[in-house]
Every structure is written in C-alpha cells, then in structure tokens.
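The values are calculated or read from the model by the stated rules, or taken from the named source; none is laboratory data. The model shown is predicted, which means the values in this text are computed figures rather than measured ones. Quick reminder, even Gly has a Cβ in these numbers, built from the backbone with ideal geometry, and neighbours come from all protein chains shown. Keep in mind that these areas ignore ligands, DNA and RNA; they rest on the heavy atoms of the full protein, side chains included. Shrake-Rupley method; radii C 1.70, N 1.55, O 1.52, S 1.80 Å.
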Amino acid sequence: MAMASVEITGPSLDRFDEILTPEALGFVATLQREFDGRRRELLEARQARQAELSAGGTLDFLPETKAVREDDSWRVAAPAPGLEDRRVEITGPVDRKMTINALNSGAKVWLADFEDANSPLWENVVNGQLNLRDALDRTIDFESGGKRYALRPDEELATIVVRPRGWHLTEKHVLVDGRPFSASIFDFGLYFFHSAQRQLDKGRGPYFYLPKMESHLEARLWNDVFTRAQELLGIPHGTIRATVLIETYPAAFEMDEILYELRDHSAGLNAGRWDYLFSVIKKFRTRGREFLLPERNAVTMTAPFMRAYTELLVRTCHRRGAHAIGGMAAFIPSRRDPEVNKVALEKVRADKTRESGDGFDGSWVAHPDLVPICQEVFDSVLGEKPNQLDRLREDVSVSAGDLLSVSKTPGDITEAGLRNNVDVALRYLAAWMGGSGAVAIHNLMEDAATAEISRSQIWQWIHNDIELADTGEVVTKALVERIIAEELEKIRKEPGFDASLYEQAAELFKEVALDDDFADFLTTPAYARMP
C-alpha cells in the first residue's frame, strides 16, 4: 500500500484499513515531514552531551534558563476534564483484554502504553490503536476461557492517557519519502487523528504521557507537534494535555523548563524510577565507581539521590500548578502464596504512604488488585480533595550535588543479584521478541526498563572489576557468560520453553551487556531483529 510517498511495508491484517486510512496517513505524514528533521537534530544533541559527560563533564541546572526557574509568575494550564483526580493510575499494554480490565479497574487513569510495556510488533502497534478506538466506541469485548470481558458504564471507566514511543525510536513498517517514521509521531498522530474528537465527545480529551526526554528542547518539539496537530484538525489550542516522565538523569535538572515549554499542554510530571536508574549508569558510564549502583533490588526510593529527585519533582510541579505522579508498584499478587502477598503488599503500602506523605497527587500500579491499596493510602491523605496541589513543599531545597549523590547509596552487589539480573533480562527479552512487552516474572510486572537496568548494571560491574559481596568473585565477561548459560539451563526445564526465542534473547543480552561499547537503548538492536 502506498499513498503520496507513504509506503506501508508491514502486513495488512484484519481491520487495519480502519486505522491506516489515506486521511490518517496523510495527517501523520504531514507531522513527520514538518518535525522529523528537528527530532534527528535533538538526537544528535543527546550524543554531543553524552560525549561531554564521558569526557569528564557533569550535569547541572542550566545557566541559560535561570530566568525561567526563578520566575514565580508562570503556571501550567489548569487540570483538564478527567485529570483533576489522579490518585491511582494503572499502566499496561494496549491489548484487548488489558484495555477492558484497565478501564474497569477502578483506577482514575489508565496509561495505555505503546512504549516500555509494548513489544512493537506491527500487529501490536496497529491493533493497539484499534482497541483504543473500539473502547471509546464501546464496541470492544473479549472472551477467554469461557469468560467474557466487557466495559462498565462510561462514568466508571478510567481516563485514557496514551504513551507513545520515545523520540529515539522509529516505526520501520511505514516509510515517508523512503525514510522510517518517527515512532513518537506515528503513535501520537494515529491516536490523535482517530480518537481526539471521540474523547472530546465524552467530555474528556486527548491526553498523553511523554517518555525518555532528555531536555526542555525535546519538550518544545512535542509542544510544537501538539500545536500543529490541533491546528490541522481544527481542535482548540491547549486541548491536548501531556504528563512528562522524568526518567532520564538530564531531565531531572530541567523540570521547570520542561513544564514551561509544555505549559499550555502540561498535565504534570511523573517519577519514572527504573529508567532513571538506567539513565544514571548510561550517562556516567565512563566515570568509574563515582556513579556505581548496588544491585537493583537494593536501590530504594530512600537513597539520598532518589529522595532528592522525587522531592524536587513534587516541589517543582506544585509551584507551577502541575500534578506530581509517583512511581510504579510492580507487584502482582499471587493466588497461591499468601505469605508472598503479605510481605509485598506491606512494601507497596509503605511506598505509597511515603509518596502521598511527600505530596504526590497519585501513583502507579501494574495490576488491578493493587488499585484498592493505592486508593486507600491516597484517600487517607486527600480525603475529598482531588489532589495535593496546595502542598507547595517550600521546605524542599535540592542542589545539583544532591541529585548527583549516587555514591551515598547503600547496598551490596552479590552473585544472587547478578543472577537475578541475568534471569529477569533473559526472560523479559525472550517474551519481548515473542510479542509481549509487559511480562510477569517472579510476582513482578516487568517492562523494558527492567531489562535496561539489568544489562546496564552488569556492564557497569564488569567495567569496574566489582568483587561480589557474597562469593568474592570479580565480575568479568567470562563469569557473566557462565551465569547466562546456567540460568538458561534452569529456564530450559520449565514448561513452554521456546528455544528459538531464548537463543535470540541470550545473543541480544550478551551484545548489550558484554560489548565494550554501551548501546544507548537495547530496544534498538532488539527491534532490528524483529520481522
């Protein structure tokens, strides 16, 4: 199928023609042609900044935007309909069953995820758009194991907030003038074209979560895309609202500026904790032990540099009238092990209690069974109020040094932690290559951020000759290769083992964890291996 230099190379499956219409493709192609050049320039700017950091530079609040930070007069737009109260948000991929369960979950918001919880098989990308449109039209249903899933009444459903893929990713199954599409523009544009008016007709609006940004200039690009998209479809300026995930190290130093760039379209900021840890390692990977992290399960939100990041986020958001949304509770309750549930739910409660006490307006969960506990905790703080925007947290003062104080993080690096990183990454990557982006592993809902932190930690430990606290062995490529083989052998004995997928997963994992050159994102080489 081709249209005005737009070529679709992916297969045309059932009902795809309802989404990939000439009008929709023309709309997204216009955005692609107008903005992709700037996107590529900004990706080059990321590389230049990385080179500076690798050469010994550091991160700091930008001197050139000091006036924006110090100006007390500006605010973001008031909360949009359906986004005033965000005390519980549920996240997940946009498959048919999850769409229904998430909307019915009792959460205030559903993050419909085309990014880290979605494996970008062509079928997943287009079917996700179909599922969202069908949900808005109330024509969605699903049957599995003799059970039928259907939507509750509209007034009981969560508000849909769509997360498109990040600026660094492309959609290889659609070419414009011979060049792959920006995945960000493709995901955003198709949803906006088909569903913006449908959302407005329901008294809501087209709302988005924006991932992986590293600077306020990347936020400015999104803002310009929003302005142009609204103009092209005759939708009033400011109708779109977007929450930005602060999940890269550089973005933590530009929170005010990111809100400012998006202010007519801003719905706040979110603390994306796992990707943030990955970004810490990535940005300072050449700096030896100064930015060394202990194993991932030992890094808690009470670590000094994580406290600084989350408290600054709440302070910055509330000063500007923007929502501050907390991190993910990834636990999946077990139907077979009440003791596991008890310990995990206590951790979830403690995590949400800390966030609500710090002034966050809401938080994320990965499973419908966690909605009640998150709601209960935030209810106890909010009462009848929709949010905590009145808690300005003027007691918070965070310096660049506080954000950079990674070396103060307590915790060990053990063989058990190394094995866990290998095991989880292999399982996740095998599932991802097979088309599943949100995967239940050891009672946790894992997404791409999990694999990123796992492989980047191993890369960091190898390059710093780390001695394991429990065995005394030094982490080397040879040791990691041995553990990969041993963990694969354990997984091989499990029912449903797919040798082909695990072979691909092991090959990919070795590439991104053991190569001397650090791959910026593992999803890039992983996507290249996909059909």
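Scanning segment 1-55 for residues that are outside any helix (DSSP H, G or I), open to solvent by less than 50 Å² (accessible area, probe 1.4 Å) and touching a residue at least 40 places away in the same chain (Cβ under 8 Å) yields Val6, Ile8, Gly10, Leu20.
Considering segment 225-256, the residues that are assigned to a helix (DSSP H, G or I) and in contact with a Lys or Arg (Cβ under 8 Å, 6 or more places away or on another chain) include one that is surrounded by the fewest Cβ atoms within 10 Å (Cβ to Cβ), namely Pro250. Within the set Pro372, Pro304, Pro368, the sole residue that is open to solvent by 20 Å² or more (accessible area, probe 1.4 Å), farther than 22 Å from Ile160 by Cα and either in contact with an Asp or Glu (Cβ under 9 Å, 6 or more places away or on another chain) or not hydrophobic (A, V, I, L, M, F, W, C) (or both) turns out to be Pro304.
When Lys342 is tested against (1) crowded, with 17+ Cβ neighbours inside 10 Å; (2) farther than 27 Å from Arg69 by Cβ; (3) of a type in the set (D, E, K, R), only condition (1) is not met.
Pairs linking a residue in segment 461-485 that is on the phi < 0 side of the Ramachandran plot and free of Cβ contacts under 8 Å to residues at least 60 places away in the same chain to a residue that is surrounded by fewer than 17 Cβ atoms within 10 Å (Cβ to Cβ) and hydrophobic (A, V, I, L, M, F, W, C), with Cβ atoms under 7 Å and 6 or more positions apart or on different chains, are Glu467/Val474; Asp470/Ala416.
Does Glu261 count as out of contact with any helix residue (DSSP H, G or I) (no Cβ under 6 Å at 6 or more places or on another chain), modelled with pLDDT of 95 or more, open to solvent by 10 Å² or more (accessible area, probe 1.4 Å) and under 20 Å from Ala80 (Cβ atoms)? It is false that Glu261 is out of contact with any helix residue (DSSP H, G or I) (no Cβ under 6 Å at 6 or more places or on another chain), modelled with pLDDT of 95 or more, open to solvent by 10 Å² or more (accessible area, probe 1.4 Å) and under 20 Å from Ala80 (Cβ atoms). Among the residues of segment 349-365, none is identified as β-branched (Val, Ile, Thr), open to solvent by 20 Å² or more (accessible area, probe 1.4 Å) and either more than 17 Å from Arg393 (Cβ to Cβ) or touching a Phe, Trp or Tyr at 6+ places or on another chain (Cβ under 9 Å) (or both). Of the residues making up segment 76-93, those that are in a strand (DSSP E or B), under 17 Å from Cys374 (Cα atoms) and open to solvent by 10 Å² or more (accessible area, probe 1.4 Å) number 1. Across segment 462-487, what is the number of residues that are out of contact with any strand residue (DSSP E or B) (no Cβ under 8 Å at 6 or more places or on another chain), of a type in the set (Val, Ile, Thr), under 24 Å from Arg285 (Cβ atoms) and surrounded by fewer than 15 Cβ atoms within 10 Å (Cβ to Cβ)? Count: 1.
Scan segment 164-184 and give yes if some residue there is part of a helix (DSSP H, G or I), open to solvent by less than 20 Å² (accessible area, probe 1.4 Å) and of a type outside the set (D, E, K, R), otherwise no. Yes; the residues of segment 164-184 include at least one that is part of a helix (DSSP H, G or I), open to solvent by less than 20 Å² (accessible area, probe 1.4 Å) and of a type outside the set (D, E, K, R). Looking at Ser407, Ser380, can you tell me which residue is touching a helix residue (DSSP H, G or I) at 6+ places or on another chain (Cβ under 8 Å), more than 26 Å from Phe278 (Cβ to Cβ) and hydroxyl-bearing (Ser, Thr, Tyr)? Exactly one of Ser407, Ser380 is touching a helix residue (DSSP H, G or I) at 6+ places or on another chain (Cβ under 8 Å), more than 26 Å from Phe278 (Cβ to Cβ) and hydroxyl-bearing (Ser, Thr, Tyr), namely Ser380. How many residues are farther than 29 Å from Tyr276 by Cβ, modelled with pLDDT of 95 or more and small (Gly, Ala, Ser) when one looks only at segment 484-531? Summing the residues that are farther than 29 Å from Tyr276 by Cβ, modelled with pLDDT of 95 or more and small (Gly, Ala, Ser) in segment 484-531 gives 3. Which condition does Ser73 not pass, out of (1) in a helix (DSSP H, G or I); (2) among the polar types (S, T, N, Q); (3) more than 22 Å from Leu404 (Cα to Cα), if it passes all the others? Among (1) in a helix (DSSP H, G or I); (2) among the polar types (S, T, N, Q); (3) more than 22 Å from Leu404 (Cα to Cα), Ser73 violates only (1).
Matching residues to (1) within 25 Å of Leu292 (Cα to Cα); (2) among the small types (Gly, Ala, Ser); (3) in contact with a Ser or Thr (Cβ under 7 Å, 6 or more places away or on another chain); (4) surrounded by 15 or more Cβ atoms within 10 Å (Cβ to Cβ):
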{"site": "Gln460", "(1), (2), (3), (4)": "yes, no, no, yes"}
{"site": "Arg492", "(1), (2), (3), (4)": "no, no, no, no"}
{"site": "Ser500", "(1), (2), (3), (4)": "no, yes, no, no"}
{"site": "Glu503", "(1), (2), (3), (4)": "no, no, no, no"}
{"site": "Glu507", "(1), (2), (3), (4)": "no, no, no, no"}
{"site": "Leu514", "(1), (2), (3), (4)": "yes, no, no, yes"}
{"site": "Leu522", "(1), (2), (3), (4)": "yes, no, no, yes"}
{"site": "Ala528", "(1), (2), (3), (4)": "no, yes, no, no"}
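Selection of segment 405-458 for residues being under 19 Å from the mean Cα position of the chain (by Cα), open to solvent by less than 30 Å² (accessible area, probe 1.4 Å) and of a type in the set (Asp, Glu) yields Glu446, Glu452. Scanning segment 145-163 for residues that are in a strand (DSSP E or B) and not aliphatic (A, V, I, L, M) gives Lys147, Arg148, Tyr149, Thr159, Arg163.
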